[in-house]
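Asker: First the structure, which I've put down as structure tokens, then a few questions once you've had a look.
The values are calculated or read from the model by the stated rules, or taken from the named source; none is laboratory data. Every value quoted in this text rests on a predicted model; they were computed, and no experiment measured them. Here the Cβ is made from the backbone with ideal geometry for all residues, glycine too, and neighbour counts use every protein chain on show.
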Amino acid sequence: MTAPSGPTIHYRACNLCEAICGLKITVEDGRVTDIRGDEHDPLSRGHLCPKGSALADLHADPDRLTKPVRREGDAWVEMEWEEALNLVAARLREVQEQHGRDAVAVYQGNPSVHNSGTLLSAGGVWRALGTRNRFSATSVDQLPHHLAALFMFGHPLLMPIPDVDRTDYLLMLGANPLASNGSILTAPGMRGRLKAIRARGGRVVLLDPRRTETADLADHLFIRPGTDAFFLLGVLHTVFEEGLARPGRVAGFADGLGALRAASADFSPEVTAATTGVPAEVTREIARGFARAERAVAYGRMGLSTQAFGGLCQWLLNALNAATGNLDREGGMMFPLPAFDLLTRAKKGEVPFGRFASRVRGLPEFDGELPTAALAEEMETPGEGQIRALVTSCGNPVLSTPNGVRLNAALAGLDFMVSVDIYVNETTRHAHVILPPTTGLETEHYDVIFHHFAVRDTARLNAPVFAAAAHQRHDWQIFEGLRARLAGEPGEKRHSTPAARLDLGLRHGPRRVSLDDVRAAPHGLDFGPMAPRLPERLLTANGRADLAPAFFLSDLPRLRAALGEEPGGFVLIGRRGLRDNNSWMHNAPRLARGPDRCTLHVHPDDAARIGAKDGDRVEVESRVGRITVPVQVTPNVMPGVVSLPHGYGHGRSGVRLRVARQRAGASVNDLTDETRLDVLTGNAAVNGVPVTVRLAAPIAETAAD
Ligand SMILES: Nc1nc2c(c(=O)[nH]1)N[C@H]1C(S)=C(S)[C@@H](COP(=O)(O)OP(=O)(O)OC[C@H]3O[C@@H](n4cnc5c(=O)[nH]c(N)nc54)[C@H](O)[C@@H]3O)O[C@H]1N2
Ligand SMILES: Nc1nc2c(c(=O)[nH]1)N[C@H]1C(S)=C(S)[C@@H](COP(=O)(O)OP(=O)(O)OC[C@H]3O[C@@H](n4cnc5c(=O)[nH]c(N)nc54)[C@H](O)[C@@H]3O)O[C@H]1N2
Ligand code: SF4
Ligand SMILES: [Mo]
């Protein structure tokens, strides 16, 4: 693929985050010599962040696994694929034969949705295993968005997307697109898009307990962590009380406006102000400005879903957009129509929620998965259905899920564990076998998921830049190999490849294109901006939208009980850095540069109270654990709130990430609490964790192992 003579240019999209930027990649002598943004990509228009260039580091990383390995004591021994797949299938079947199907659990992490090979083939293995113990990063992330979409519009993927390019008023809560590059909002280059709102005379209002990078482009207000549902009810209260509700054409196919009004009746901004920290007059002014804007949109992300009232927040955001006539219209919240449309075959009226519950705590199932906050207890608690073996794919739950210390210990006690992963990290070091697929520039990839969340409908197929070496396997080959063995099928006869599935999906999709059509357009096909799609796209049983689902109304008493609650000590929230990518890109030399990023942000007043100055090490303690980290004193965090990024904590024994280990940091999820949930949805509340902070003894070190 790479001719030794002269450079070759390759176009493909970055698969690291939801922005799916088009890239222009130069390869010389089998090495990436340049990565820049593809100016001809109709969605990203040349945008690129530092992580995109780091795909070159990932490709060349000497710590990355390319052959299967088996753990023997402290050593990892290479295996042949045939032998490894046979062993894994036999061990998983053995555990299931002895202890039942549910004794094997599955955890799928975030890159699963960034690789079409994994996305389209892993399901075959899960079906062959037939276990109810399936877990994923969804319940540490966007689960409330799915449930708001499900109960309001009829399908978990009918999540409306803010039309940032045509709005005049963006009300944003708990999102930091300047660091994250947008989430459930595929809109590469958010800096330019936000600036454009203001340049056309519009307004961007941001509520966040931290004055973030995004705050520089917005009118920023502090809000107390976990109180956004009160704020949103206060806004809705004002909208109704002051006669500003104008649902417009949505009224023709939406029910529940009256119930929504009734729900907000008790939550005037005057009632909620003390709890949220947002003055009543400010809430009222935002409500008026929002409702009177020609085109407005309210949007909230991680900060609103990974908190104790995540479900209520996502419902209220959608409801506010609908009540003010900003649902399914230009400049408001809209529904993309992707060329590969996962909704094409969806059935009306299906409710994939709560059909079964977790064994120990009775937490609700969603889409065949249980809340990940229950994973450790399901391993530890004896009895029928106890988890004794685990398959992880694309995940690092020891660093990414609440109470990583407890999970870490539980993993060590499993009878068998296999990880489909490219690194020996904090999670996979517990595996008996690691099966490493090709990744990044070696894969053929079509973004099945993120076109569902994009502000513009486009399609592009990403051809491999590098051919897989003879000893490597693609993700789908690994999953198909496992599936066939678990199903007892002889040989490796495939039903269909991911490419064939993509082609089928594209041909039957709303744009009626073939995979070859997409392949022929190296910069992608452009189907234009979002357009109104309701009521046709609704998938509720009665074909109507519900602005006040009983599911959410039933949670209001729990919210009401939290009115006026005062946090005793500090409250811990998370943080994302532009050069971090959850837990797994810290081994890329070009991202590891610069000052330490795993620092605790503390407000100057709070720092003075605990006697800490910049660089001092402090002990942060929660109900579940204690870590030691350096302090960064900054007025950009709300008094009483401290902030620490997730994805660090690479110092554990056996972790083979040489660059990352040099700046190991500590894991915030050694503090987050698996019992703190949005109990309505089962989503983990990793934000808003009560902690104490005190100066550490000068030599104190914690090595969580
Ligand atoms: N406290 C706190 N916790 C959080 C969050 C937070 O904001 N605060 N954020 C949450 C969110 S939004 C998410 S999505 C989760 C992420 O949680 P996880 O998905 O569990 O964690 P990642 O760090 O993304 O781990 C990705 C894993 O995939 C592997 N990998 C990378 N590329 C490939 C590939 O091509 N194939 C395979 N098979 N493996 C690959 C990496 O080596 C790594 O082990 O973390 C959550 N946890
Ligand atoms: N550089 C980089 N980009 C990424 C990732 C990454 O790790 N690094 N991860 C990717 C993934 S998996 C995801 S899911 C997305 C997430 O994308 P975003 O949600 O945009 O990113 P976060 O930085 O988690 O932003 C959450 C914000 O919520 C705030 N917050 C915390 N608690 C509360 C609260 O109670 N109320 C309010 N109003 N705000 C609160 C935090 O201060 C933070 O600024 O980013 C993706 N992009
Ligand atoms: S913003 Fe960065 S990480 Fe995200 S897709 Fe674009 S280049 Fe990749
Ligand atoms: Mo995420």
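Asker: What helices (runs of 4 or more DSSP H), lying completely within region 279-330, carry at least 1 residues that are farther than 16 Å from Met152 by Cα and of a type in the set (Val, Ile, Thr)?
Answerer: Details: elements: 280-292, 302-305, 310-323.
So the answer is 280-292.
Asker: Right, something else. Show me the helices (runs of 4 or more DSSP H) entirely contained within region 41-122 in which 2 or more residues are polar (S, T, N, Q). Please lay out each step first, then the result.
Answerer: Details: elements: 50-53, 55-60, 81-99.
By residue number, 81-99.
Asker: Just a yes or no: is a residue in region 333-353 within 16 Å of ligand 1 (Cβ to nearest atom) and either in contact with a strand residue (DSSP E or B) (Cβ under 7 Å, 6 or more places away or on another chain) or assigned by TED's automatic domain parsing to the domain that holds Arg301 (or both)?
Answerer: no
Asker: If the Cβ limit is 7 Å and pairs must be 6+ apart or interchain, which residue in region 559-582 that is farther than 23 Å from Asp606 by Cβ and assigned to a loop (DSSP other than H, G, I, E, B) pairs with which residue that is of a type in the set (Gly, Ala, Ser) and within 13 Å of ligand 2 (Cβ to nearest atom)?
Answerer: Partner pairs satisfying both residue conditions: Leu578/Ala179; Asp580/Gly647; Asn582/Ser400; Asn582/Gly647.
Asker: Another question, then. If you scan region 414-442, which residues turn out to be assigned to a loop (DSSP other than H, G, I, E, B) and within 16 Å of ligand 3 (Cβ to nearest atom)?
Answerer: Step one: filter region 414-442 for residues assigned to a loop (DSSP other than H, G, I, E, B), giving 414-415, 421-427, 431-432, 436, 438-439.
Of everything in region 414-442, just one residue is assigned to a loop (DSSP other than H, G, I, E, B) and within 16 Å of ligand 3 (Cβ to nearest atom), namely Thr439.
Asker: Additional query: Which one of the conditions (1) within 16 Å of ligand 4 (Cβ to nearest atom); (2) in contact with a Ser or Thr (Cβ under 8 Å, 6 or more places away or on another chain) does Val113 fail to meet, given that it meets all the rest?
Answerer: Unmet for Val113, out of (1) within 16 Å of ligand 4 (Cβ to nearest atom); (2) in contact with a Ser or Thr (Cβ under 8 Å, 6 or more places away or on another chain): (2).
Asker: Looking at region 454-484 only, could you name the residues that are in a helix (DSSP H, G or I) and buried (at least 22 other Cβ atoms within 10 Å of the Cβ)?
Answerer: Start the filter on region 454-484 by keeping residues that are in a helix (DSSP H, G or I), which leaves 475-484.
Passing the criteria: Asp475, Trp476, Ile478, Phe479, Glu480, Gly481, Leu482, Arg483.
Asker: Regarding region 423-442, can at least one residue be identified that is polar (S, T, N, Q) and outside the structural domain of Thr131 (by TED's automatic domain parsing)? Write out each step before concluding.
Answerer: The first filter runs over region 423-442 and keeps only residues polar (S, T, N, Q), leaving 425, 427-428, 438-439.
Of the ones still in play, those that are also outside the structural domain of Thr131 (by TED's automatic domain parsing) are none.
Within region 423-442, not a single residue is polar (S, T, N, Q) and outside the structural domain of Thr131 (by TED's automatic domain parsing).
Asker: What is the residue count in region 36-55 for residues that are crowded, with 23+ Cβ neighbours inside 10 Å and more than 15 Å from ligand 2 (Cβ to nearest atom)?
Answerer: Counting residues in region 36-55 that are crowded, with 23+ Cβ neighbours inside 10 Å and more than 15 Å from ligand 2 (Cβ to nearest atom) gives 3.
Asker: Being free of Cβ contacts under 8 Å to residues at least 40 places away in the same chain, crowded, with 23+ Cβ neighbours inside 10 Å, more than 16 Å from ligand 3 (Cβ to nearest atom) and outside any helix (DSSP H, G or I), is that true of even one residue in region 191-214?
Answerer: The answer is yes, given that some residue of region 191-214 is free of Cβ contacts under 8 Å to residues at least 40 places away in the same chain, crowded, with 23+ Cβ neighbours inside 10 Å, more than 16 Å from ligand 3 (Cβ to nearest atom) and outside any helix (DSSP H, G or I).
Asker: Can you name every residue in region 175-190 that is part of a loop (DSSP other than H, G, I, E, B) and either free of Cβ contacts under 8 Å to residues at least 40 places away in the same chain or away from ligand 1 (no atom under 14 Å from the Cβ) (or both)?
Answerer: Step one: filter region 175-190 for residues part of a loop (DSSP other than H, G, I, E, B), giving 175-176, 181-185, 187-189.
Once the filter is applied, which keeps residues that are part of a loop (DSSP other than H, G, I, E, B) and either free of Cβ contacts under 8 Å to residues at least 40 places away in the same chain or away from ligand 1 (no atom under 14 Å from the Cβ) (or both), region 175-190 yields Ala187, Pro188, Gly189.
Asker: On to the next question. Among the numbered criteria (1) within 15 Å of ligand 1 (Cβ to nearest atom); (2) out of contact with any strand residue (DSSP E or B) (no Cβ under 8 Å at 6 or more places or on another chain); (3) not in a loop (DSSP other than H, G, I, E, B), which single criterion is violated by Ala149?
Answerer: Checking Ala149 against (1) within 15 Å of ligand 1 (Cβ to nearest atom); (2) out of contact with any strand residue (DSSP E or B) (no Cβ under 8 Å at 6 or more places or on another chain); (3) not in a loop (DSSP other than H, G, I, E, B), the one that fails is (1).
Asker: What is the one condition in (1) surrounded by 16 or more Cβ atoms within 10 Å (Cβ to Cβ); (2) touching a residue at least 40 places away in the same chain (Cβ under 8 Å) that Ala541 does not satisfy?
Answerer: (1)
Asker: Determine which member of the set His601, His586 is within 26 Å of the chain's Cα centre (by Cα), assigned to a loop (DSSP other than H, G, I, E, B), away from ligand 4 (no atom under 16 Å from the Cβ) and under 25 Å from Ala660 (Cα atoms). Don't jump to the end; show me each part of the working.
Answerer: Working: His601 fails: assigned to a loop (DSSP other than H, G, I, E, B).
Exactly one of His601, His586 is within 26 Å of the chain's Cα centre (by Cα), assigned to a loop (DSSP other than H, G, I, E, B), away from ligand 4 (no atom under 16 Å from the Cβ) and under 25 Å from Ala660 (Cα atoms), namely His586.
Asker: Out of all the residues in region 395-413, which are touching a Gly at 6+ places or on another chain (Cβ under 9 Å) and either within 16 Å of ligand 3 (Cβ to nearest atom) or more than 13 Å from Gln108 (Cα to Cα) (or both)?
Answerer: Of everything in region 395-413, those that are touching a Gly at 6+ places or on another chain (Cβ under 9 Å) and either within 16 Å of ligand 3 (Cβ to nearest atom) or more than 13 Å from Gln108 (Cα to Cα) (or both) turn out to be Leu399, Asn403, Gly404, Val405, Arg406.
Asker: Is there a residue in region 162-171 that is more than 16 Å from ligand 3 (Cβ to nearest atom), over 21 Å from Ser44 (Cα atoms) and buried (at least 22 other Cβ atoms within 10 Å of the Cβ)?
Answerer: Filtering region 162-171 for residues more than 16 Å from ligand 3 (Cβ to nearest atom) gives 162-163, 165-171.
Restricting the remaining residues to those that are over 21 Å from Ser44 (Cα atoms) gives 168-169, 171.
When the remaining residues are screened for being buried (at least 22 other Cβ atoms within 10 Å of the Cβ), the result is 169, 171.
Among the residues of region 162-171, at least one is more than 16 Å from ligand 3 (Cβ to nearest atom), over 21 Å from Ser44 (Cα atoms) and buried (at least 22 other Cβ atoms within 10 Å of the Cβ), which makes the answer yes.
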